[in-house]
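The values are calculated or read from the model by the stated rules, or taken from the named source; none is laboratory data. As the structure is a computational prediction, the values presented were derived from the model and not from experiment. Glycine also receives a Cβ, built like all others from the backbone with ideal geometry; neighbour counts cover every protein chain displayed. Side chains are part of the model used for accessible areas, which takes the heavy atoms of the whole protein and leaves out ligands, DNA and RNA. Shrake-Rupley method; radii C 1.70, N 1.55, O 1.52, S 1.80 Å.
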Amino acid sequence: MSGLTPRRHHSAGAVVLDGPRCLVIRRGREWVLPKGHVEPGERPEEAARREVLEETGIEAEIGRRLGATRYGFRTPDGRWNRKRVEWYLGRRTGGDLHLEPIFDEAAFLERDEAIARLTFPADREIARHAFDGGGGPAAPPTGGPGHAADGSPQAGSGGPAGSPSA
């Protein structure tokens, strides 16, 4: 019966701005924003800063919470997973781009190009929110292929090719 219970993951990430440009990273065919697991005892904003540095070599000051996204994916063994990602506004303070080996490419792109390049609708919405100043209430959880607001299965999210990067 435990194989039917979804594994839950809590992650944090940042929309890192450097002036008018946003940091995006590519893993395979997916363009995403830097994010990763929140470690035990770590606050989400600390995890966001750490993950940006680990994944990209970029140092960032983490500011306002932008919102959260949720999505589901299956592991290669067929186990269903649900992930919640808390997003923060980041401002580049230093560092040079050098990627973790799992990533293929990274770039700081102007607003429209960054938003167009991001693979998942929820990532595009969070990036828009960051570029628009992140003002007002935090962005609500958003959905789309592989990114469901309620974590339910979505068409095209049944395996690694349709799953968002960790």
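Measuring nothing but how far apart in sequence close Cα pairs (under 8 Å, 6+ apart) lie, relative to its length, region 1-132 scores a relative contact order of 34 percent. Between region 78-104 and region 1-67, what is the separation of their alpha carbon centroids in Å? If we compute the Cα centre of each part, the gap is 4 Å.
Principal semi-axes of the equivalent ellipsoid, √(5λ) from the alpha carbon gyration tensor of region 27-80, are 23, 15, 12 Å from largest down.
Using a probe of 1.4 angstrom and keeping all protein chains present, the accessible surface of region 53-128 works out to 47 square angstrom per residue. Do any trypsin sites (Lys or Arg not before Pro) in region 21-110 lie in a loop, going by DSSP, with at most 12 other beta-carbon atoms within 10 Å of their beta carbon, and if so which? Taking region 21-110 and a limit of 12 other Cβ atoms within 10 Å, the loop trypsin sites (Lys or Arg not before Pro) found are R29.
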